[in-house]
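Asker: Sharing a structure here in structure tokens format.
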Number of protein chains: 4
Amino acid sequence: MSVDLSPFTSLDEFERHALEVLPAMPRDYYRSGAWAEVTLRENRAAWERLRIWYRVMRDVSDRSTRAEVMGRSAAMPVCVAPTALQRMAHPDGELATARASAAAGVPMILSSLSSTSVEDVRAAATAVDPAARTWMQMYIGRDRGMVRALAQRAHAAGCDALVLTVDTPTWGIRERDIRNHFRVPEGMRIVHLERPGGPTGHAGSGIHEALSWTIDASLTWRDFEWLRDSTPLPVLLKGVCRAEDAARGVELGAQGILVSNHGGRQLDGAPATVDALPHCVDAVAGRVPVLVDGGVRRGTDVLRALALGAQAVCVGRPILWGLATAGEPGVAKVLALLQHEFDVTLALAGCSGVDDATADLLRP
Amino acid sequence: MSVDLSPFTSLDEFERHALEVLPAMPRDYYRSGAWAEVTLRENRAAWERLRIWYRVMRDVSDRSTRAEVMGRSAAMPVCVAPTALQRMAHPDGELATARASAAAGVPMILSSLSSTSVEDVRAAATAVDPAARTWMQMYIGRDRGMVRALAQRAHAAGCDALVLTVDTPTWGIRERDIRNHFRVPEGMRIVHLERPGGPTGHAGSGIHEALSWTIDASLTWRDFEWLRDSTPLPVLLKGVCRAEDAARGVELGAQGILVSNHGGRQLDGAPATVDALPHCVDAVAGRVPVLVDGGVRRGTDVLRALALGAQAVCVGRPILWGLATAGEPGVAKVLALLQHEFDVTLALAGCSGVDDATADLLRP
Amino acid sequence: MSVDLSPFTSLDEFERHALEVLPAMPRDYYRSGAWAEVTLRENRAAWERLRIWYRVMRDVSDRSTRAEVMGRSAAMPVCVAPTALQRMAHPDGELATARASAAAGVPMILSSLSSTSVEDVRAAATAVDPAARTWMQMYIGRDRGMVRALAQRAHAAGCDALVLTVDTPTWGIRERDIRNHFRVPEGMRIVHLERPGGPTGHAGSGIHEALSWTIDASLTWRDFEWLRDSTPLPVLLKGVCRAEDAARGVELGAQGILVSNHGGRQLDGAPATVDALPHCVDAVAGRVPVLVDGGVRRGTDVLRALALGAQAVCVGRPILWGLATAGEPGVAKVLALLQHEFDVTLALAGCSGVDDATADLLRP
Amino acid sequence: MSVDLSPFTSLDEFERHALEVLPAMPRDYYRSGAWAEVTLRENRAAWERLRIWYRVMRDVSDRSTRAEVMGRSAAMPVCVAPTALQRMAHPDGELATARASAAAGVPMILSSLSSTSVEDVRAAATAVDPAARTWMQMYIGRDRGMVRALAQRAHAAGCDALVLTVDTPTWGIRERDIRNHFRVPEGMRIVHLERPGGPTGHAGSGIHEALSWTIDASLTWRDFEWLRDSTPLPVLLKGVCRAEDAARGVELGAQGILVSNHGGRQLDGAPATVDALPHCVDAVAGRVPVLVDGGVRRGTDVLRALALGAQAVCVGRPILWGLATAGEPGVAKVLALLQHEFDVTLALAGCSGVDDATADLLRP
């Protein structure tokens, strides 16, 4: 692709461009929220409502966006959120994202619904940076053996964390996908979840039908304990909004809490993640890191998340828009814009680094 | 009708389609609220403002949408709200609604302004399911003998409750009806309210003129007591917004309270029903079931209503949109979509059934 | 004019029609608020925000819209607010308004900037109803003798109150008037304020220039006392928003307080009158009647005003829209619609009359 | 230019006209806020939300807009805010602004990024009025010698204050400028900041690149102390939003606090200045004057600012719109409109002058 990326000045512009160039089926799959998309819109709007009471006359000349994220240093407090089937956005798919994330120095969370194997993704990432970090997103599906096998495979491939999605006892309803008869495109496969005996690729219409067996409505905390005990890797819980669930997860050994509503794709009407974040931060009380995703589009949002007690944010759709626009360089520019915005935000808010992003920035 | 229903993914789409295909007079009669339609819009908007703080990691694999509704089990906590003259929407009118409701396992409230007799409606319903439930909506009009006769007729036909509308001392003003010179269409009759000596069908312009004698501005609680004593059936009160009125009704023997503002068709400026609901629930204090209608369009709304203390919701206009779109299959799909959405909502909120839909779901 | 008024179902429709048929200069003069028209919009929006918690099962069959307004009974708690130069809207101007108001049984407040003399207006009103009430709106201009003469003239003509506007130390700035080079049209005169020595009619551009001498920025409460002592008529104060000013006026002998911001035409940014009303009601504490104008467009607004403690409302622009649409029958229909809406509102709120419009209707 | 200014009735109209006539590059440079322009919009909207509870029956015939501004009397409590490169708006640039400001009797804050020298600006201003006041806006850039030299030059040229901008450790990101490849136009120079050894005029794209050396991210309060000690002129701090920063500045010798967010051009998400103002006023506690800029467009805003405790407001973009529309007469009309609006606002609020603009005007 020979798209000139120099006029792209924000993540929003990548979105606008990607919505123009993507075919309807992947475009709608990526952008949709559940039902009336109330939560999808709120995720974004709730960040914008928070005012940043910046400080002046602090020496911010020697500043850094670096942050500890889940026990290791990252170039900024940002992770790439897991999104499915990235080859629908660009032929290089998850490989492009892996390379760009590694180059940018941020962890990539690989979706278990990826169109590229974790081994290939790890190889691509470590070729760029041997210290590149990949976390494996997991569902606990009905076939526990397959779950355990994937966890082991992720570990073997060098992932350094698992991210267990807990907001998906069933798939959320995204109406455009139904109308589009969404299915995994010809020639693409959900590589980690193929069952012996048959391809998953052409199994019908809608991710609901195609992938119902990859999740399990019977999950309880015991299943989390089982996964925790099945892997040497730390496990984060993704998809929590309630304080009590965050606390319970931590008590049972979760090594991190990712406050998320699945990008507004599961329960429409769920609170904006930034509104849920302080409740979860309070409940976790510093025992493990709290991360947040959903509607993060600006460097200012990263600062807001930190000021509310998050250790890092995750960005999902913007990565896809970068990928759809220009493959790896598109993802790289998305991450570079976000880092640049965060760096400028730090400076303008009077912060030299993430430790200065304290709660008083949001309070008059 | 050969409308392909498979692309219909929400009640809103039935609305869009029905507004396109219906002639102006019934379309406007159905969709209008009173005056500036502030309450009509608020009914919907107020549901959407409520955030659902879903729970995770509850086993929701063995879940059910079934609910007790007014003393008996229904397939979901949903009733078909009474709407007038359904044959304006489709030639099969109330018969289609009765069959689809019976098949869906939910009570149908038959409007006393129906274009089909209660006996025919009951026959259609019980042909589908002998246990089908029909409730007769009633006004207490000036001719009390006629009211008593209709109550008896409903009882004889097998209805298992009466629903007395109490928000209609006079008809609300719906401006589109006035401009359309609304009248009961040629060949259609308000079958239950024909007076000896003349048809009601062509009595003038506007429901106000045509039907002024079917209501009575002099009603007081004594009239409710009279109706209560005139029938062996339980009587629900429909149209209450104030706590004191809900409490008074219960004290005088109402067997259920339906919080309603008549779909925004009576007093424009009345509170959204979801805002009135908690006040009424508090006042009723568990003595009888509280139901609510007005703006319910999503399975998430059903959960919200339950979390606020309602036993069930009623849906009116969406039924008409289903009817107008495709007759009985249209109504069936509307109810199926709502049930499916409610089922998914239960799952995503961490509920196995209606008993789990507790107040904490709406509180952070 | 042969406009068919039967399709006009609300005051808003008169507005839409009048804005279409009026020439730009009077149209803009009538509709404009000051500067950015924030207060103009808020006047309307603030009414709509108030929810009416209607009562049910009250006998409202024997109800009445009649109300005591400033010591005498009116057909409804509504007055015609003073508006200038009504002959710009229709050749019959204030005469049409006077006849329609008299026929409707409501007081008319005649603007001192009228295009018809108070004597002619009184003659027209009393020809319809000998008991018709007219109140004379006054400014205290620089020429006190002229003010006193007009007060005496109003008294002699049979007016039963004066309404002193106190929000006009200088004219508000209405930008459309400036751009339109607003002036009193050829052949029309501000009949009460002609000075010996010259016509006012063609004095320049803008009401500001044309009429600066009719007001006086030096007014204080002493001037009110002077006017009070110059006339046997009761004097109301129009244009108050602050509690302390309402209280002061009453202490100094005002016989009524009209909470008004001059229809948003004076200080843009002033509070909506309905927001100011409760403060003034509290301050007046029942000593004299409190009236309110500004954004009243619906019968529900009349009820809201009463529930907040007002004795009556005044409507201004809708009268002009009726006048522009169809002269006297237009005004008559505007008043009839408002009365009908108020009557229906009473019924639907469970009120038999204005005494039932108590504060609890606005509180859950 | 022969634009007829008589139809211009508000600052907003100057904006509309200027946006039409300006070439894209300066137009976008002037109007842009940072990133998504949330703060830019909030700056304006927050003023409009404040209601003015005007007083009546105060003698306002002998009123004045005059105000003490930073120790000397000004024609109104308004200053011209510093804006860069005014020759992009009109060939006369800062000279036109200086003449119009001097004629209007208000201080002009000259941007250190001006396209005209402070000496020429002072000459133009004092030719109109020998008592004309000019304040020099300053950044503390990396080359402290240059800063000191400019401070001395400003003093020598007759400026009577320095205004140190403290919200600019780095330049805010204005996306339109990036897309427009903003640069200082050919033939124009940032005259005060030319370094020996090279022009600044054509240094690249974007003010960020062109001017990065003119600011310094390492600034701390010590640098303010250094500047304070480097000049006999009083120094104001511009760009503060936090109470603690305002207080600190005063403690260290700032002679005034200008609550500003750089017109929404630095940190998007910063609070509206009118929301920050009361916090700073409280913190300063009367020790020095507090000024405010950002979104001031109406005379009512001036009153609001005073009622919140500001001594004066500054207006920036409207000056540019006046300049772009008609050069000096355009600026003069902008200032005349604002003064007229403020004068009318005073009258309508019941104030004879700035001392009457007390806090109770904003409280019911």
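FYI, it's all coordinate maths here, none of it is from the lab. As the structure is a computational prediction, the values presented were derived from the model and not from experiment. We place every Cβ from the backbone using ideal geometry, glycine too, and count neighbours over all the protein chains shown.
Asker: Mind listing the label-point distances from A:GLY187 to the same position on all other copies, shortest first, one decimal in nm, points 7 Å along Cα→Cβ?
Answerer: 5.6, 5.6, 7.9
Asker: When the helix-only estimate is applied to chain D (DSSP H runs of n ≥ 4, each -39,500 (n - 2.57), divided by the residue count), what is the mean residue ellipticity at 222 nm, nearest 500 deg cm²/dmol?
Answerer: About -13000 deg cm²/dmol.
Asker: If you don't mind, another one. Each residue of region D:309-320 in turn: what ³J(HN,Hα) in whole Hz from Karplus with 6.51, -1.76, 1.60 and θ = phi - 60°, glycine and Pro shown as x?
Answerer: After applying 6.51 cos²θ - 1.76 cosθ + 1.60, I find x, 6, 8, 6, 10, 10, 10, x, 3, x, 4, 5 Hz.
Asker: GNM, chain B, Cα, under 10 Å: largest mean-square fluctuation among B:ASP92, B:ASP282, B:ASP343?
Answerer: Result: B:ASP282 has the largest fluctuation of those listed.
Asker: Taking every residue in B:43-53, how many Cβ atoms of other protein chains lie within 10 Å of its Cβ, on average? Mind showing how you got there, number by number?
Answerer: Working: counts 0, 0, 0, 0, 2, 5, 2, 1, 11, 8, 12.
Per residue, the number of nearby Cβ atoms from other chains is 4 on average.
Asker: I would also like to ask the following. Karplus couplings for region D:339-344 from phi (6.51 cos²θ - 1.76 cosθ + 1.60, θ = phi - 60°), rounded to Hz, Gly and Pro as x?
Answerer: 5, 4, 4, 5, 4, 5
Asker: Post the alpha-carbon centroid distance, region A:336-364 to region D:33-79, in whole angstrom.
Answerer: 31 Å
Asker: Provide a whole-number value for the mean count of partner chain Cβ atoms within 10 Å of the Cβ atoms in peptide A:344-354.
Answerer: Mean shielding count: 5.
Asker: OK, next. For a 31 Å ceiling on Cα separation, which of these pairs sit above it: B:LYS238/C:LYS333; B:LYS238/B:LYS333; A:LYS333/D:LYS238; C:LYS238/D:LYS333?
Answerer: B:LYS238/C:LYS333; A:LYS333/D:LYS238; C:LYS238/D:LYS333
Asker: Restricting to Cα pairs below 8 Å that are 6+ residues apart, what does the relative contact order work out to for region A:262-360? Please round to a whole percent.
Answerer: In percent, rounded to a whole number, it is 26.
Asker: Taking a point 7 Å out from Cα toward Cβ as the label site, list the nm distances between D:ALA24 and the same residue in every other copy, smallest first.
Answerer: Computed spacing set for this position: 3.2, 3.2, 4.6 nm.
Asker: For chain B, what are the per-bin percents of Cα-Cα distances with bins 20 Å wide, up to the bin holding the maximum?
Answerer: Answer for chain B: a P(r) of 31, 62, 7, 0 percent.
Asker: If I fit a long axis through the Cα atoms of helix C:118-128 and take the longest principal axis of the Cα atoms of chain C, what angle between them do I get, 0 to 90°, rounded to 10?
Answerer: 40 degrees
Asker: Enumerate the amide H contacts of C:VAL163 below 5 Å, restricted to partners 5 or more residues apart or on another chain; note that Pro and chain-start residues carry no placed amide H.
Answerer: Here the answer is C:MET136, C:GLN137, C:MET138, C:LEU236, since their amide H atoms fall under 5 Å of that of C:VAL163.
Asker: Moving on to the next point. Contact order normalised by length for chain B, with contacts defined as Cα pairs under 8 Å and 6 or more residues apart; what percent is it? Present the calculation step by step, with values, prior to reporting the outcome.
Answerer: Values: 800 pairs, mean separation 100.2, N = 364.
Normalised by residue count, the contact order of chain B is 28 percent.
Asker: Could you give the spread of the C-alpha atoms of the protein assembly as shown along their three principal axes, from largest to smallest, in whole angstroms?
Answerer: 99, 99, 47
Asker: Could you pull the copy-to-copy label distances for D:ALA156, with points set 7 Å along Cα to Cβ, in nm to one decimal and sorted shortest first?
Answerer: From this label point to the equivalent ones elsewhere in the assembly: 7.9, 7.9, 11.1 nm.
Asker: Skipping prolines and chain starts, which residues have an amide H placed within reach, meaning under 5 Å, of the one on A:GLY256, given they are 5 or more residues away or on another chain?
Answerer: Here A:LEU237 satisfy the definition.
Asker: Just how far, in whole angstrom, is region A:257-313 from region C:152-167 if you go by their alpha carbon centroids?
Answerer: Centre-to-centre (Cα) distance: 65 Å.
Asker: Using amide H atoms built in the peptide plane, which far-off residues or other-chain residues are under 5 Å from D:ALA74 H to H?
Answerer: Placed amide hydrogens put D:ALA67, D:GLU68, D:VAL69 under 5 Å from D:ALA74.
Asker: Residue-wise, which Karplus ³J(HN,Hα) couplings in Hz belong to region A:327-337, taking 6.51 cos²θ - 1.76 cosθ + 1.60, θ = phi - 60°, and x for glycine or proline?
Answerer: In residue order, the calculated couplings are x, 3, x, x, 4, 4, 5, 4, 5, 5, 4 Hz.
Asker: For a quick check, take a GNM of chain A with Cα springs below 10 Å and name the residue from A:VAL163, A:VAL313, A:VAL344 with the largest mean-square fluctuation.
Answerer: Of A:VAL163, A:VAL313, A:VAL344, the Gaussian network model singles out A:VAL344 as fluctuating most.
Asker: Further question on the same structure: Counting only other chains, and only Cβ atoms inside 10 Å, what mean value do you get across the residues of A:268-278?
Answerer: Average per residue, whole number: 4.
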